[in-house]
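Encoded as C-alpha cells, the structure appears first; notes follow it.
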Amino acid sequence: MTENADLTSVNVAAVLDRAAAGGRITPEEAVVLYRDAPLHALGAAADAVRRRRYAGTEHIATYIIERNINYTNLCVTACKFCAFYAAPKDTEKGWTRDLDDILRRCAETIELGGTQIMFQGGHHPDFGVEYYEEHFSAIKKAYPELVIHSLGASEVEHMARISKVSVEEAVSRIHAAGLDSFAGAGAELLPARPRTAIAPLKESGERWLEIMETAHGLGVESTSTMLMGTGETNAERIEHLRMIRDVQDRTGGFRAFIPYTYQPENNHLKGRTQATLFEYLRIIAIARLFLDNVAHIQGSWLTTGKEVGQLSLHYGADDLGSIMLEENVVSSAGAKHRSNRMEIIDLIRKAGRVPAQRATTYEHLVVHDDPANDPVDDRVVSHISSTAIEGGTAHPELKLLDAN
C-alpha cells in the first residue's frame with residue numbers, strides 16, 4: 001500500500017458507519033478515514049466501538065500505577081530518535097544500576113501503591129539471558145506481588161544473541177524467572193522504510209512481530225506500541241497497524257495498543273518532523289476502528305499532555321495509561337508532563353467517565369465511583385527523574401514534584 005494509491009472510490013461516510021457498527025475495515029479504507037474523515041465524526045465512530053465493546057462498563061476509564069526502572073543506558077543500537085542511550089564505551093555518560101538499587105526502587109513502588117514495574121534499558125553489550133534471569137528472580141523473590149511487565153522483542157533478540165540461544169529459549173527462561181508479560185518496547189515503526197531510517201541497527205519489523213508471536217505461543221502476552229512523528233507517511237502508520245492486526249488474528253496475544261509521539265530534544269533527528277496533536281487523536285480513533293481484535297487502546301498523556309490524553313477518551317481510548325513513578329527515556333527527549341493520582345482521577349472524571357485503577361491484565365482494582373471516597377494521599381506522582389531519588393527514600397521528592 002502506498003500513499004498515492006487510488007483511494008478516491010472509498011465512501012468515507014459509509015466506511016465510518018460500517019466500522020462504527022463493528023465491521024472490519026481494510027488498510028486502504030483506514031488510510032482514507034485517517035486522512036479525510038471529519039475529526040468529530042471519526043471520534044464518534046471510535047467511541048461507539050468502545051462503548052459497544054465495553055457495554056456495561058463503558059462508563060469506566062482506567063489507569064495503572066507503575067514504575068519504569070531503567071537498569072542501564074548503555075546501548076549498541078544507537079536509535080536516531082533516542083536521547084537516553086550512551087555508547088558502550090562512553091564512561092562519562094554511561095551507567096548501570098546495581099541490583100540493590102533496583103530492589104530499593106521496587107520497594108518504593110509497592111509503598112506508593114504501584115502494582116507493576118517496567119524493567120527497561122539499553123541493549124547492553126554484555127547482558128544476555130542470564131542477567132535478566134538473575135534480576136527477575138531476585139525481584140520476584142523479594143516482591144512477589146509486583147508484576148514484571150517489561151522489555152520487548154528487541155531486548156529478546158539481543159539477549160538471545162549474546163547468550164547464543166534461540167529466541168524460544170530466551171523467552172522461556174526469563175518467563176520462568178519472573179517476567180509476566182512483555183511491554184511491547186522497540187516496535188517504533190514496523191514498516192521497513194521508516195524503521196530503517198530511525199533505527200537501522202534494530203531487527204526488522206517483521207522480526208519484531210515474529211518474536212512477539214513466538215512469545216504469545218509460549219504463553220507470554222504483550223502490549224503493542226507505535227512511535228509516530230519521525231517522518232513516516234500516513235500509509236506507513238496504517239501499515240504498522242495492519243502488521244499488528246495480522247499477528248493478533250493468529251495469536252490474540254496483544255492486550256493493548258499504545259501510540260505515542262516522538263519527542264524532539266537531544267537526539268539525532270533534532271525535531272525535523274513531529275506528529276501534531278490532531279494526528280495523534282486521529283490515530284487513536286483509527287486504531288480503535290481498525291484493531292477490532294485488540295481489546296484496549298491507551299492514551300499517552302505523558303508525550304501529548306494531559307488535556308490531549310483526556311480528549312483521547314472521547315476518540316476510542318479506554319485507558320489513560322500510567323501514573324509513572326519514574327521515567328527517564330522519553331523525558332530525556334523533552335517530555336515534561338507530570339501528574340499525580342488525584343489529577344488523573346479528576347481528568348478521567350471531567351471527561352465524563354468513572355476512573356478505575358487497574359491491574360496489568362486490566363482487571364479493575366479500585367473503582368472511584370464516589371468522589372467522597374477518593375484517595376487523599378497525593379504522593380503518587382508521575383515522572384520522578386532518576387537523580388531526584390538517588391540515595392534516599394522517594395517521599396520528600398514526590399511532594400516537591402507535586403508542589404511544582
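Values computed for the structure shown
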item: Pick from segment 381-391, criterion surrounded by 11 or more Cβ atoms within 10 Å (Cβ to Cβ) and small (Gly, Ala, Ser), ranking: modelled with the highest pLDDT; result: 382
item: Residues that are modelled with pLDDT of 90 or more and open to solvent by less than 70 Å² (accessible area, probe 1.4 Å), drawn from segment 368-380; result: 368, 370
item: Pairs, first more than 16 Å from residue 49 (Cβ to Cβ) in segment 14-37, second part of a helix (DSSP H, G or I) and of a type in the set (S, T, N, Q), C-beta under 7 Å, six or more apart; result: 31/234; 35/234
item: When residues of segment 149-166 are limited to those that are among the hydroxyl-bearing types (Ser, Thr, Tyr) and open to solvent by less than 30 Å² (accessible area, probe 1.4 Å), the one nearest to residue 68 (Cα to Cα); result: 150
item: Pairs, first closer than 9 Å to residue 178 by Cβ and outside any helix (DSSP H, G or I) in segment 133-148, second open to solvent by 50 Å² or more (accessible area, probe 1.4 Å) and not aliphatic (A, V, I, L, M), C-beta under 7 Å, six or more apart; result: 148/180
item: Single match in 347, 365 (criterion: at pLDDT 85 or above, in contact with a Gly (Cβ under 8 Å, 6 or more places away or on another chain), under 27 Å from residue 254 (Cα atoms) and not aromatic (Phe, Trp, Tyr)); result: 347
item: Among residues of segment 121-164, those that are touching a helix residue (DSSP H, G or I) at 6+ places or on another chain (Cβ under 8 Å) and over 24 Å from residue 189 (Cα atoms), counted; result: 22
item: Single residue of 206, 188 found to be crowded, with 24+ Cβ neighbours inside 10 Å, under 28 Å from residue 169 (Cβ atoms) and either without any contact (Cβ under 8 Å) to a residue 12 or more places away in the chain or acidic (Asp, Glu) (or both); result: 188
item: Residue list for segment 76-111, restricted to those being open to solvent by less than 10 Å² (accessible area, probe 1.4 Å), at pLDDT 90 or above and farther than 30 Å from residue 353 by Cβ; result: 102, 105, 106
item: Sole exception among (1) surrounded by 22 or more Cβ atoms within 10 Å (Cβ to Cβ); (2) touching a residue at least 60 places away in the same chain (Cβ under 8 Å); (3) acidic (Asp, Glu) for residue 180, by number; result: (1)
item: Filtered residue count, segment 209-253, keeping only those that are of a type in the set (Gly, Ala, Ser), open to solvent by 30 Å² or more (accessible area, probe 1.4 Å) and in a loop (DSSP other than H, G, I, E, B); result: 3
item: Subset of segment 254-277 that is open to solvent by 20 Å² or more (accessible area, probe 1.4 Å) and at pLDDT 95 or above - its residue that is nearest to residue 293 (Cα to Cα); result: 255
item: Test: residue in segment 33-50 that is assigned to a loop (DSSP other than H, G, I, E, B) and either at pLDDT 95 or above or within 30 Å of residue 286 (Cα to Cα) (or both); result: yes
item: Cβ-Cβ under 6 Å pairs, at least 6 apart or on other chains, segment 226-252 side over 21 Å from residue 211 (Cβ atoms), far side of a type in the set (D, E, K, R) and open to solvent by 10 Å² or more (accessible area, probe 1.4 Å); result: 233/3; 234/35; 235/3
item: Failed item in (1) part of a helix (DSSP H, G or I); (2) at pLDDT below 95; (3) touching a Pro at 6+ places or on another chain (Cβ under 8 Å), with residue 125 passing the rest; result: (1)
item: Residue satisfying all of: in segment 51-65; open to solvent by 10 Å² or more (accessible area, probe 1.4 Å) and either assigned to a loop (DSSP other than H, G, I, E, B) or touching a residue at least 40 places away in the same chain (Cβ under 8 Å) (or both); nearest to residue 300 (Cα to Cα) among these; result: 60
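The values are calculated or read from the model by the stated rules, or taken from the named source; none is laboratory data. What you see is a predicted model, and the numbers here were worked out from it, not measured in a lab. Note: ideal-geometry Cβ built from the backbone for every residue, glycine included; neighbour counts use all protein chains shown. Calculation scope for accessible area: heavy atoms of the full protein, side chains included, ligands and nucleic acids excluded. Shrake-Rupley method; radii C 1.70, N 1.55, O 1.52, S 1.80 Å.
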